[in-house]
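What follows is calculated from the coordinates using simple rules that are stated; it is not laboratory data. Computed from a predicted structure; not experimentally measured. FYI the Cβ positions are ideal-geometry reconstructions off the backbone, even for glycines, and counts take in every protein chain you see.
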Amino acid sequence: MFGNNSANLYFRSSDIAFLTKHKKELIVAPVLEPFLCVKIVQVEGVDTDTFGTFTGEIPRKISQLETARKKARTGMELARTKMGIGSEGSFVTDPHFGVLPWNIEMLVFLDDIHNLEIVGMAEGPARILEKSARSLEEAMGCAEEFGFPRYHMIVRPDSKDSPDFIKNIRTKKQLQTAISHCLEKSRNGVVHIENDLRSFACPSRQDMIRLAAINLLLKMHSFCPQCDTPGYWVMEYKKGLPCRNCQLPTGLARAQVYGCLKCGYKKEVERSDIQSAGPESCSFCNP
Ligand SMILES: [Zn+2]
Ligand SMILES: [Zn+2]
């Protein structure tokens, strides 16, 4: 694990606590360990569900960033390490149209040795599927359509608002039993089926957490040119990429501003992937 010569020396040989009971360390460790020469130490002992759940039994009271930060800190205290990672996901509606389900995954890295906080993030369309069914056969069909058993299911009687649900459904037998039970309990003859959003039960979320880990790795590998502190990254985007047709500035990003969290150094970097925007993004050519 400590044999990668291209790894940066900054965090080398450090133990990083990671408080998770949903096996997220299996996603994050293979990304960070070989490139940073660190050891991710999985920490148990605290039920991370007390920080909030998706099924609504325990609402999250503080922001996603605060929650991830708190988990990192708790893990560090339990494992007695100087570094820790906390993970928190959220489901909202997409930032473009506000209608599609959207998944935001955050990984907060805390480092008490260098007094740093670096946040890795990834976001994209979420896979949230739900349907009502009136028979065992129909309900089994829905689950299959939703990707069961790769995606685990949650079953409730009556409707999606029913607080009386069965989760941890990962085998066909468990699914059959849960559906039959909920059909019996149902007052309107309907069962509601949805996919479980916890990371170990939801492969598309695992992919998003992996992207957040890669984002965190890139930031931990990016050093400030002035003070050599890692975490030197894009802080803002400058709009105004010129239109290919009329050369007027559009709403698309023209440059990224990199910044250092420690010394405040900033540098604007023009984007290099494209030099102009299509006329469809131009408010003059396409009002
Ligand atoms: Zn134009
Ligand atoms: Zn700096």
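Quick notes on this one:
- Ratio of Rg to Rh for the range 196-273: 1.15 [Cα atoms; Kirkwood radius as inverse mean 1/r over pairs].
- Length-normalised contact order for the range 130-196 - Cα pairs under 8 Å, 6+ apart - percent: 48
- Ordering Phe97, Phe148, Phe200 from the fewest to the most neighbouring beta carbons within 10 Å gives Phe97, Phe200, Phe148.
- Helical segments meeting 15 Å axial Cα length and Kyte-Doolittle -0.5 threshold in the chain (DSSP H): 25-36, 203-220
- Contact order relative to length of the range 233-281, as percent, for alpha carbon pairs under 8 angstrom and 6 or more apart: 38
- Ordered by the number of other Cβ atoms lying within 10 Å of each residue's own Cβ, fewest first, Asp47, Asp111, Asp273 fall into the sequence Asp273, Asp47, Asp111.
- Taking the Cα centre of the chain as origin and assigning +1 to Lys and Arg Cβ atoms and -1 to Asp and Glu Cβ atoms, the resulting dipole is close to 300 debye.
- Taking Lys and Arg as +1 and Asp and Glu as -1, the other residues whose beta-carbon sits under 13 Å from that of Asp15 total 0.
- Computed over the Cα atoms of the range 233-281, pair by distinct pair, the Kirkwood hydrodynamic radius stands at 11.5 angstrom.
- Whole-number Å³ per residue for the convex hull built on Cα positions in the chain: 167
- The convex hull built on the alpha-carbon positions of the range 80-190 has an orientation-averaged projected area of 10.0 nm².
- In this structure, the pairs whose alpha-carbon distance is over 29 Å, taken from Lys21/Lys82; Lys239/Lys262; Lys23/Lys185; Lys21/Lys267; Lys71/Lys238; Lys131/Lys173, are Lys23/Lys185; Lys21/Lys267; Lys71/Lys238.
- Rh by Kirkwood over Cα pairs, then Stokes-Einstein D for the range 130-196 at 0.890 mPa s and 25 °C, µm²/s: 221
- Exposed-site-free run, longest, the chain (rule: GluC sites (Glu not before Pro); DSSP loop; at most 15 other C-beta within 10 Å): 58-287
- Hits among aspartates and glutamates - C-alpha to C-alpha of Lys172 under 16 Å, sequence gap 8 or more where chains match: Glu137, Glu138, Glu144, Glu145, Glu194, Asp196
- Given charges at Cβ of Lys, Arg, Asp, Glu: the chain dipole, positive-most of Leu175, Pro101, Ala255: Ala255
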